[in-house]
1. When the residues of the stretch 105-116 are filtered to those that are open to solvent by 30 Å² or more (accessible area, probe 1.4 Å) and in contact (Cβ under 8 Å) with a residue 12 or more places away in the chain, which remaining residue is farthest from Thr25 (Cα to Cα)?
2. What is the number of the single condition among (1) touching a helix residue (DSSP H, G or I) at 6+ places or on another chain (Cβ under 7 Å); (2) at pLDDT 85 or above; (3) not aromatic (Phe, Trp, Tyr) that Leu91 does not meet?
3. Checking Ser150 against (1) modelled with pLDDT under 80; (2) within 20 Å of the chain's Cα centre (by Cα); (3) hydroxyl-bearing (Ser, Thr, Tyr), which single condition isn't satisfied?
4. Condition first: at pLDDT 85 or above, within 30 Å of Leu128 (Cα to Cα) and among the hydroxyl-bearing types (Ser, Thr, Tyr). Now tell me which residues in the stretch 1-48 satisfy that.
Amino acid sequence: MKLTHETSIATFIQFIIASFFILITQLGSSVVGCFKDGSNCVLNLLTSIIFFIVASVVFGTIWLIGYMAQERRSRRMAQLLICAEGFIGLLAVFSLKLNLPSRNAPGLIASFVVMVFAAWIIMFAFRLIRAGGGRVVVNRPRQRRRPPTS
């Protein structure tokens, strides 16, 4: 299966992977926080759960926008998806910059993966816009057939 315009599938994959990485990083943050300062363990855990829920709702909303852009072949939805993914990509770049000095490996990996997915989905949304509501085709140069030489 070749993904050429499947913004619905791409945003669903982004939703699952981003939620997984957010869950892992928040659990790691809670465990480290509990070992350092046991008095705030419940508060750290509650904050991590709230952050996970909010982030999952945001990525779920982007998944819904990606689905509507693909199914309706809507230029407006594709433009909204590009704006949302551009913002997510910008946040991922800032997160990379913040995690780099601390060498937080899960945070670095998560930010890089989210940044790559944002760029990938933006590419799909541009293809939807370029198609103008019609069928999305991949432009490949045609090979010329040369007449057989005798």
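1. Checking each candidate, the answer is Met115.
2. Status for Leu91: all satisfied but (1).
3. (2)
4. Once the filter is applied, which keeps residues that are at pLDDT 85 or above, within 30 Å of Leu128 (Cα to Cα) and among the hydroxyl-bearing types (Ser, Thr, Tyr), the stretch 1-48 yields Ser8, Thr11, Ser19.
The values are calculated or read from the model by the stated rules, or taken from the named source; none is laboratory data. Everything quoted here is computed from the prediction, not taken from an experiment. For neighbour counting, all protein chains shown are included, and Cβ atoms are generated from backbone atoms with ideal geometry for every residue, glycine included. What goes into the accessible areas is simple: the full protein's heavy atoms, side chains included, and nothing from ligands, DNA or RNA. Shrake-Rupley method; radii C 1.70, N 1.55, O 1.52, S 1.80 Å.
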